[in-house]
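Here's the structure, in structure tokens; my notes come after.
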Amino acid sequence: MQNEVVQRLLKDMECVVDQAQPTDPARRAFAERITGEVAANIEDLIAKIEHGTDAHGTNSNHNILISADGRFSVDDAIRTALPWLLPLADKASSSQTEKHIYSQHNAFVLVVAHLVKARLKNHDTYKDSYRLIMPYKEAGTKIAGADDGTMIDASITDILAIVEAKGKLTPKNTRDTYAQRFDYTRNIYYNQMSRRFAWGLTCCGSVVNVCIFTNYKVLASPNIGMKTKEGCLEFVRLLVGWSLCSTWQLGFDKTISWNADLNCFEIQVPCRDNTGKSAAYYSTDLILAAERLFGRYCRCFLATNKRSAAEITEDNLLVPNCDIKDSWALFADDASKLKALDYKDAIAGDQDISEHVAHVQFNDEVGSVWPSEDLLLEASNDAATVRSEISLLKKMKKTLGDKSSRFKRLYPRITDGGWVYQKASASLVHDSTRAMVGLCTEQQIPIPFCLYARYAMEPIGEPLETVQSVPELIVVLRDAMECYTTLYAECKILHRDLPGNNILIVRDKNGIHGLLIDYDCAVDLEKPRRTTRPERTGTLPFMSVGNLEQLPIPRTPLDDWESLLYLVCWLGTFGINDRRSDTITKTPSHQIPN
């Protein structure tokens, strides 16, 4: 994670706290007013204690901020937070430990939450549409479902903004807090199905940095010094913004939700013929989680578009009829590479269209979306760095539509799918990495441009390891490579990623056959390619030598056939599942937690 911090962290990004502010102008102005009032109120409370009590003698370990009768003590909370807010003698400051920082940070957050609630609970417009930003009640807590033994220092409930703290501000502590914060965020993506991006805080002594984790970069705010009036105001502005901003600004995808009545996830998939609309799918089985901190955050669900008439239980199981793939599917190295070539009178010349993409409006009357997927692909200055699995699957279906019914079973077919929209203010917008980190900033943010895609596909396959014999393995590999050869010859599509997990086995009424999936690394050879530098794609153990060494030669089908040879050697070395059919059980799936 130390290496990731060096490569991915962008420091001193002024736009970070701005991104937490409401997008609606009226709501944003109200948040600014509340921020000023809360900050002024905190100043008055501090001044009151300073004039009446020795601030240096406060108990920084005081954690009981709610009395026995359930009443919250603002004075006690401020006393607990005071060492974090006031300049202390060097000796006192050096004695601060991580545990001191936990309680002081949590106390301050509680004070802000109390003051925000006091102002909003009876407000006619906002009393039902704000959230309480509260610290998690316990420090040193393991993230639910974490795959290691790490313990988070503190966190903000509701949005799960994890706080990593150190007692003093030193270069080493700063590096360590970022590295630990990176590691913990990986578990968030793995465990939360609706997580699109994440927030986080680092605290070294009284210096706070706010972070936004995107697909490929982490944006960190300038230092927020809590012992200064300006720093305290900025931190209050962050907490008030989180209280009043839209859910999508906190990193959650509202198109995936838990349906408590059915006891399953309800997933909105863009309609095949009208991507501005969506169809409801239902799932209890996650077959691929977002396991990495950076990248496409690919998740796959077994799902059905048939709504159950009753709650999903062990006696009333959900029967899936498709696989849903959820990922950031289209990307370029930098948003600035997306230039408009020409699109009627909407935009002209070399104007940057990445901002327009984030503000795409769906027009109900004409039932269309601008800009189109084709325009995005044509508008790229470097077509080799822009890929869209959706467009490739659509091309395959269109080109191979007249093929035999047997061949149609060898590649995935989209039933529904397209770009995902999020509700922003009163309109729908394309969910993009550019929208995620804000559009109106003077800073040039060098992050890849991605659009969020989701699509349902059939048929459902099982992992290659579930083959029951060598002859079955031969049939499955033959089918997969027959599909590969046809796609190259008739669709001009080069797959470029042939590990075993991209070849599935399908058992249906017609018998057994192979299925070639995952076209995230595939390229359309009919699209113009304006770079001579080959990409390194695929899965490490199965890469061809030319791909692995990034040799300056074009990738060809021979590279994929070489990968297949390595796959066969792998299976021959480590073995395959040759159990008899009557002992084969269904491959275990990851049960999605509520």
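The values are calculated or read from the model by the stated rules, or taken from the named source; none is laboratory data. Predicted, not measured: the structure shown is a model, and the values here were computed from it. Cβ placement follows ideal geometry from the backbone for every residue including glycine, while neighbour counts extend to all protein chains displayed.
Of everything in the range 7-47 that is basic (Lys, Arg) and touching a residue at least 24 places away in the same chain (Cβ under 8 Å), the residue that is nearest to Thr228 (Cα to Cα) is Lys11. Taking the range 70-100 as the range and being modelled with pLDDT under 85, under 20 Å from Leu169 (Cβ atoms) and part of a helix (DSSP H, G or I) as the test, the residues that pass are Asp90, Lys91, Ala92, Ser93, Ser94, Glu98, Lys99, His100.
Do we find that Arg478 is among the basic types (Lys, Arg), in the same structural domain as Arg272 (by TED's automatic domain parsing) and in contact (Cβ under 8 Å) with a residue 12 or more places away in the chain in this structure?
The answer is no for Arg478.
Across the range 157-209, the number of residues qualifying as without any contact (Cβ under 8 Å) to a residue 60 or more places away in the chain, in a helix (DSSP H, G or I) and surrounded by fewer than 22 Cβ atoms within 10 Å (Cβ to Cβ) comes to 6. Among the residues of the range 302-318, just one is within 26 Å of Tyr189 (Cα to Cα) and free of Cβ contacts under 8 Å to residues at least 40 places away in the same chain, namely Thr304. Filtered by the rule that a residue be of a type in the set (A, V, I, L, M) and surrounded by 21 or more Cβ atoms within 10 Å (Cβ to Cβ), the range 251-285 gives Ile256, Ile267, Val269. Evaluate the following for Glu230: is it closer than 18 Å to Asp18 by Cβ and surrounded by fewer than 21 Cβ atoms within 10 Å (Cβ to Cβ)? For Glu230, the condition - closer than 18 Å to Asp18 by Cβ and surrounded by fewer than 21 Cβ atoms within 10 Å (Cβ to Cβ) - is met. Selection of strands (runs of 3 or more DSSP E) fully inside the range 407-526 by the criterion of at least 1 residues being in contact with a Cys (Cβ under 9 Å, 6 or more places away or on another chain) and either modelled with pLDDT of 85 or more or under 23 Å from Pro270 (Cβ atoms) (or both) returns 413-419, 449-458, 511-516. Please count how many residues of the range 245-295 are assigned to a loop (DSSP other than H, G, I, E, B), more than 17 Å from the chain's Cα centre (by Cα) and closer than 25 Å to Lys394 by Cα. Counting residues in the range 245-295 that are assigned to a loop (DSSP other than H, G, I, E, B), more than 17 Å from the chain's Cα centre (by Cα) and closer than 25 Å to Lys394 by Cα gives 7. Only a single criterion out of (1) part of a helix (DSSP H, G or I); (2) closer than 30 Å to Cys521 by Cα is not satisfied by Leu239, namely (2).
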